[in-house]
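Engineer: Take this structure first; my questions come after.
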Amino acid sequence: MINSSDKAPSIRTIAMPADANPNGDIFGGWIMAQMDLAGGAHAFAVAGGRVTTVAVDGMTFHRPVQIGDQVSCYCTTERIGNTSIAVRVETWVHRRESQVEERVTEGLFTFVAINGNGQPIPVKS
């Protein structure tokens with residue numbers, strides 16, 4: 001598990017009312033999109049260029065995200081293949097009301113390095 005105080009997040013945003021379902025919880029798809037953005041930025045830096053998402057494995061939602069929560073996604077490289085990079089993304093929230101920090105979601109995202117034509121290329125790192 002990533003300790004959120006150990007490193008800077010790959011992405012940080014605020015969960016807004018437009019991202020919530022009728023019960024006031026943030027849509028899982030919105031959270032997953034934030035995680036994909038964070039993982040993609042991390043993989044881009046590792047690959048030294050353009051990447052595309054090819055798989056999401058082991059997605060787990062631990063706790064709901066609520067309107068007003070500050071959402072932060074932290075990334076670590078799990079493995080690097082010839083053309084692929086597997087990135088572990090953990091999502092933490094800083095609760096607006098209670099000021100508590102909690103891990104809410106995690107998943108393993110796999111990206112492939114690609115050229116300008118969208119064809120796989122070797123990872124540069």
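The values are calculated or read from the model by the stated rules, or taken from the named source; none is laboratory data. Here the structure is a predicted model, which is why all the values come from computation and not from measurement. Neighbour counts are summed over all protein chains in view; Cβ atoms, including those assigned to glycine, are modelled from backbone coordinates with ideal geometry.
Engineer: Regarding Ala55, is this residue among the hydrophobic types (A, V, I, L, M, F, W, C), within 14 Å of the chain's Cα centre (by Cα), within 20 Å of Ile114 (Cα to Cα) and part of a helix (DSSP H, G or I)?
Structural biologist: Values: among the hydrophobic types (A, V, I, L, M, F, W, C): yes; within 14 Å of the chain's Cα centre (by Cα): yes; within 20 Å of Ile114 (Cα to Cα): yes; part of a helix (DSSP H, G or I): no.
So Ala55 does not fit the description; no.
Engineer: Here are some residues: Thr105, Thr76, Thr110. Which one is at pLDDT 95 or above, assigned to a strand (DSSP E or B) and surrounded by 21 or more Cβ atoms within 10 Å (Cβ to Cβ)?
Structural biologist: It is Thr105.
Engineer: Something else: For the range 14-48, which positions are in a loop (DSSP other than H, G, I, E, B) and modelled with pLDDT of 95 or more? So that I can check it myself, show each step before the final result.
Structural biologist: Taking the range 14-48 first, the residues in a loop (DSSP other than H, G, I, E, B) are 15-16, 21-24, 27, 48.
Passing the criteria: Ala15, Met16, Phe27.
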